[in-house]
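J.: Here's a structure for you.
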Amino acid sequence: MKPYAYCPQCATPLIDAPHGDRLRRACPDAACGFVHWDNPVPVVAAVVEHEGQIILARNVAWPASFYALITGFLEKGESPETGVQREVEEELGLTPLGATYIGIYDFTRQNQLIIAYHVAATGTVKLNEELADWKHVPFEKIRYWPAGTGYALRDWLRTQGFDPQPMDLPRL
């Protein structure tokens, strides 16, 4: 499925046209000049430390067995540090105590660029409508998923002296 069929500026049907070293959806009307660059979307991810363990959560749209980090999109004008703490507060109802940068990770399947942080937090977990469940996992028992935010979790755990192993993922 192509991201755009028609130009969002002039409604002309878009074509695939060379721009640089790639084909991109573009308006053939030279006066318009619209090009859909399809750049990755920045997303923040939180390795949430709470009561001496890591919180993993399950989105309402995910299978019952899948848990992951808290993630979210940045708001206009928001720094990644502020955004990741806002997501922890919104999704878990916890009070973040700060955000420490872990790294940046590709998540090409969703065309996202993950900006990951460790966020220590206090309070009682109160899930918002986006999440169906959560669990505490001791550092030494975590197995990371070999993709996107899983690599951030792995890298943070290594800074804490742990050697997490990857989990086996089913083939899609």
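J.: Mind checking the full-extension length gain between Asn111 and Leu127? Use 0.36 nm per residue of separation minus the Cα-Cα distance, one decimal, nm. Can you show the working numbers first?
T.: Numbers: separation 16, 0.36 × 16 = 5.76 nm, distance 2.66 nm.
Computed gain between Asn111 and Leu127 is 3.1 nm.
J.: I need Phe107, Phe34 ordered by Cβ neighbour count within 10 Å, fewest first. Present the calculation step by step, with values, prior to reporting the outcome.
T.: On the way: Phe107 19, Phe34 16.
So the ranking, lowest neighbour count to highest, is Phe34, Phe107.
J.: Would you kindly state how much longer the chain becomes between Asp21 and Ala61 on full extension, computed as 0.36 nm times their sequence separation minus their alpha carbon distance, in nm to one decimal?
T.: Separation in residues times 0.36 nm, less the Cα-Cα distance, equals 10.8 nm.
J.: Using helices alone, I'd like the mean residue ellipticity at 222 nm for the chain: each DSSP H run of four-plus residues gives -39500 (n - 2.57), total over residue count, nearest 500.
T.: Working: 2 runs with 25 residues, N = 172.
Result for the chain, helices only: -4500 deg cm²/dmol.
J.: When a footprinting reagent is the concern and you count Cβ atoms within 10 Å, what order do Trp134, Trp156, Trp37 take, fewest first? Each step should come with its number before you reach the end.
T.: Working: Trp134 17, Trp156 24, Trp37 10.
Least crowded to most crowded, the residues run Trp37, Trp134, Trp156.
J.: Go through 59-69, 138-148, 13-23 and give me the packing order, highest mean Cβ count within 10 Å leading.
T.: Details: 59-69: 13.2, 138-148: 15.4, 13-23: 11.1.
Those peptides, ordered most packed to least, come out 138-148, 59-69, 13-23.
J.: Under 9 Å from the Cβ of Ala64, count the other residues' Cβ atoms, weight Lys and Arg +1, Asp and Glu -1, and hand me the total. If you can, show how the numbers build up before the last one.
T.: On the way: positive: Arg58; negative: Asp133.
Net local charge, Ala64 excluded: 0.
J.: In whole Å, what are the Cα extents of region 1-148 along the three principal axes, biggest one first?
T.: 59, 31, 28
J.: Can you give me the angle between helix 80-92 and the longest principal axis of the chain, using Cα atoms only, in degrees from 0 to 90, rounded to the nearest 10?
T.: The answer is roughly 60 degrees.
Values in this text are rule-based calculations from the coordinates and carry no lab data. The model shown is predicted, which means the values in this text are computed figures rather than measured ones. Positions of Cβ are generated from backbone atoms using ideal geometry, with glycine treated the same way; all protein chains shown enter the neighbour counts.
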